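A short write-up of the structure that comes next.
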């Protein structure tokens, strides 16, 4: 999830890796709080647009650009009319193609623009919710959709992840969604449930599309789902802010 290492040594088994998906939203909470804290700090001495730009940079650095790498590989694989096997070969190529580079540039630009569209006083809870939902989206995609390959890190997650883990991750996400939208000052509390429902539908359609193109999901598509779910969350709350649904 991040470039940070746990302070205590631990030898994880494959089952440990898979079961960790239930705690993805909790990891998102930590990431989101770090981002919110950095954004608050930047705003003490920088203009809002500059602070938001640096916050987007922090998003990349905290995760080591791992999920962005998955996004670039996924969009390189989507280019052209190929079989799933040929798409896999493109994704495994260490070189980035034009589709991958363009997807990275556009996604970071969109995140920056959407972050600037959120009212300054609401950015902290929205940043946290964005990180939480992006990680839940990966946990959901891992549990609910088939894996494309017979091996790989993503396969380890898929094999050990199950419905109980997804239920725990979903419960954590729902509780945090209610608390964070209350913190943000959402005018109507039921909009928190509607927001989660809309984002769930978005992730479902996105994962189904990737499954169709790649004959299943992969570690790269998990990363792409995280990035696009984060952008979708920012877009949704930008719409909410624009229509005056914050207190």
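The values are calculated or read from the model by the stated rules, or taken from the named source; none is laboratory data. Everything numeric in this text was worked out from a predicted model, so none of it was measured. FYI the Cβ positions are ideal-geometry reconstructions off the backbone, even for glycines, and counts take in every protein chain you see.
Examine region 221-238 for a residue that is modelled with pLDDT under 90 and touching a strand residue (DSSP E or B) at 6+ places or on another chain (Cβ under 7 Å), and state whether such a residue exists.
Looking for residues that are modelled with pLDDT under 90 and touching a strand residue (DSSP E or B) at 6+ places or on another chain (Cβ under 7 Å), one finds none in region 221-238, hence no.
Name, by its number, the condition in (1) farther than 27 Å from residue 211 by Cα; (2) touching a helix residue (DSSP H, G or I) at 6+ places or on another chain (Cβ under 9 Å) that does not hold for residue 70.
(1)
Taking the criterion of being without any contact (Cβ under 8 Å) to a residue 40 or more places away in the chain and surrounded by 15 or more Cβ atoms within 10 Å (Cβ to Cβ), would at least one residue in region 64-74 satisfy it?
Taking region 64-74 and keeping what is without any contact (Cβ under 8 Å) to a residue 40 or more places away in the chain, we get 65, 72.
Next, only the ones that are surrounded by 15 or more Cβ atoms within 10 Å (Cβ to Cβ) stay: 65, 72.
Scanning region 64-74, I find at least one residue that is without any contact (Cβ under 8 Å) to a residue 40 or more places away in the chain and surrounded by 15 or more Cβ atoms within 10 Å (Cβ to Cβ), so the answer is yes.
May I ask you to say which residue of 137, 177, 148 is under 19 Å from residue 32 (Cα atoms), surrounded by 15 or more Cβ atoms within 10 Å (Cβ to Cβ) and at pLDDT below 90?
The conditions single out 177.
Report yes if residue 64 is more than 20 Å from residue 158 (Cβ to Cβ) and modelled with pLDDT under 95, otherwise no.
Yes.
Name the residue that is nearest to residue 212 (Cα to Cα), counting only residues in region 151-174 that are at pLDDT 80 or above and buried (at least 22 other Cβ atoms within 10 Å of the Cβ).
169
Just to be sure before I move on: is residue 128 in a helix (DSSP H, G or I), loosely packed, with under 14 Cβ neighbours inside 10 Å, in contact with a helix residue (DSSP H, G or I) (Cβ under 8 Å, 6 or more places away or on another chain) and at pLDDT 90 or above in the structure I sent? Give the derivation first.
Working: in a helix (DSSP H, G or I): yes; loosely packed, with under 14 Cβ neighbours inside 10 Å: no; in contact with a helix residue (DSSP H, G or I) (Cβ under 8 Å, 6 or more places away or on another chain): yes; at pLDDT 90 or above: yes.
Criteria not met by residue 128.
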